[in-house]
Amino acid sequence: MKSESDPVNTVEAVERAFSIIRALRELNGAGVTEIANYLGMSKSGTHKQLATLVKEGYITKFRGEYRLGFKFISDGEFVKNSSLFYNVGAPEIDKLAQKCKDCVYLAAMENDGAYCIYTAEGDNSVAADVKFGQRVSIHSTAAGKAILAELPESNRYRALQSGLEKKTEQTLTDLDQLESELATIRERGIAFEDEENVQGVRGVGSPILSPEDDVLGAVAISGPKSLLTDDRFEEELPELIRQTKNFIEVKFSLNSRDPHQDGSHVPEGFY
């Protein structure tokens, strides 16, 4: 039986439309000719795609320049508000940022990729190597490795099909070495990132699992090496991460239950 992520036949017109959307984001707005040249598409074909997207309200045109429209905000808010993982996780990310005073983020697993879906900054936040909405590097970040460690072998293979890109001198690019580290992560429930994604930046992460032990995503703390010193990096932050991971998993489990069927297990007044 095929999984939802198995290769399927695709519609080229839809692929081109999303290529244009991504191009407009990367170019921060552009004209027809610039977009066509950027994507290697014909000008007439590009114009038809743009006209369709303008009609649907996802792209706006002003003085010959096309830009992404505000309609994406409405769709994005719908996605966030309809996600149980986001709604139970975001408040705990805020609390963790207040405790550790660093930058904290929540990553979600979707298909064969991980995405940063929420961030919070503590009083001492300086810089993080992962930003809201960004795809999370699955092999070189703390959150990515935490998620990767809990994926079934076939899913790990698909997630790593694009290869182990060398982000810094510290990035693991040998699959056997990475698999060895993933085994350690599974044992201790904590993933470390030591200047593997961005030079000078460290991270600590832990996977978040569903009641059925499927990986939902990960919580991670990220910051400059000067602030994530050895004692904090190896002892203090992992303990805080474990607490937050547990709180999110418990809240997700309770909210996933049918209060009429499992009411005896739910705290009074929770719903």
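The values are calculated or read from the model by the stated rules, or taken from the named source; none is laboratory data. Just so you know, these numbers come straight off a predicted model, no measurement behind them. No Cβ is skipped: glycine too gets one built from the backbone with ideal geometry, and neighbour counts run over all protein chains shown.
Couple of notes before you dig in:
- Scope the range 190-201; condition without any contact (Cβ under 8 Å) to a residue 40 or more places away in the chain and part of a loop (DSSP other than H, G, I, E, B); matching residues: E195, Q199, G200
- The range 134-169, subset part of a loop (DSSP other than H, G, I, E, B) and of a type in the set (S, T, N, Q), residue surrounded by the fewest Cβ atoms within 10 Å (Cβ to Cβ): Q161
- Hey, G223 modelled with pLDDT under 95, within 29 Å of V126 (Cβ to Cβ) and either in a helix (DSSP H, G or I) or not basic (K, R) (or both) or not: yes
Per-residue answers, yes or no, for (1) among the aliphatic types (A, V, I, L, M); (2) touching a residue at least 24 places away in the same chain (Cβ under 8 Å); (3) in the same structural domain as S154 (by TED's automatic domain parsing):
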| residue | (1), (2), (3) |
| --- | --- |
| S19 | no, no, no |
| L27 | yes, no, no |
| A30 | yes, yes, no |
| G40 | no, no, no |
| S44 | no, no, no |
| H47 | no, no, no |
| L50 | yes, yes, no |
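- On inspection, F72 qualifies as aromatic (F, W, Y) and in contact with a Phe, Trp or Tyr (Cβ under 7 Å, 6 or more places away or on another chain).
- Pairs where the first residue, in the range 78-99, is within 19 Å of R242 (Cα to Cα) and the second is of a type in the set (S, T, N, Q) and not in a helix (DSSP H, G or I), C-beta under 8 Å, 6+ apart: I93/T119; A97/S125
- Within the range 184-198, being acidic (D, E), under 18 Å from I208 (Cβ atoms) and buried (at least 21 other Cβ atoms within 10 Å of the Cβ) holds for one residue alone: E193.
- Flag if A128 is buried (at least 18 other Cβ atoms within 10 Å of the Cβ) and in a loop (DSSP other than H, G, I, E, B): yes
- Subset of the range 89-136 (residues that are of a type in the set (A, V, I, L, M) and closer than 22 Å to L148 by Cα): A90, I93, V104, L106, A107, A108, M109, A114, I117, A128, V130, V136
Residue-wise test of (1) polar (S, T, N, Q); (2) modelled with pLDDT under 85.
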residue: D123; (1), (2): no, no
residue: A127; (1), (2): no, yes
residue: S137; (1), (2): yes, no
residue: S140; (1), (2): yes, no
residue: I147; (1), (2): no, no
residue: E153; (1), (2): no, no
residue: A159; (1), (2): no, no
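- Complete set of residues in the range 170-179 that are surrounded by fewer than 12 Cβ atoms within 10 Å (Cβ to Cβ) and polar (S, T, N, Q): Q177
Residues are listed down the side, and each one gets a yes or a no for (1) touching a residue at least 60 places away in the same chain (Cβ under 8 Å); (2) hydrophobic (A, V, I, L, M, F, W, C); (3) within 27 Å of K95 (Cβ to Cβ); (4) not assigned by TED's automatic domain parsing to the domain that holds D214:
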residue	(1), (2), (3), (4)
D123	no, no, yes, no
V130	yes, yes, yes, no
A142	yes, yes, yes, no
R156	no, no, no, no
A159	no, yes, no, no
G163	no, no, no, no
E179	no, no, no, no
T184	no, no, no, no
R188	no, no, yes, no
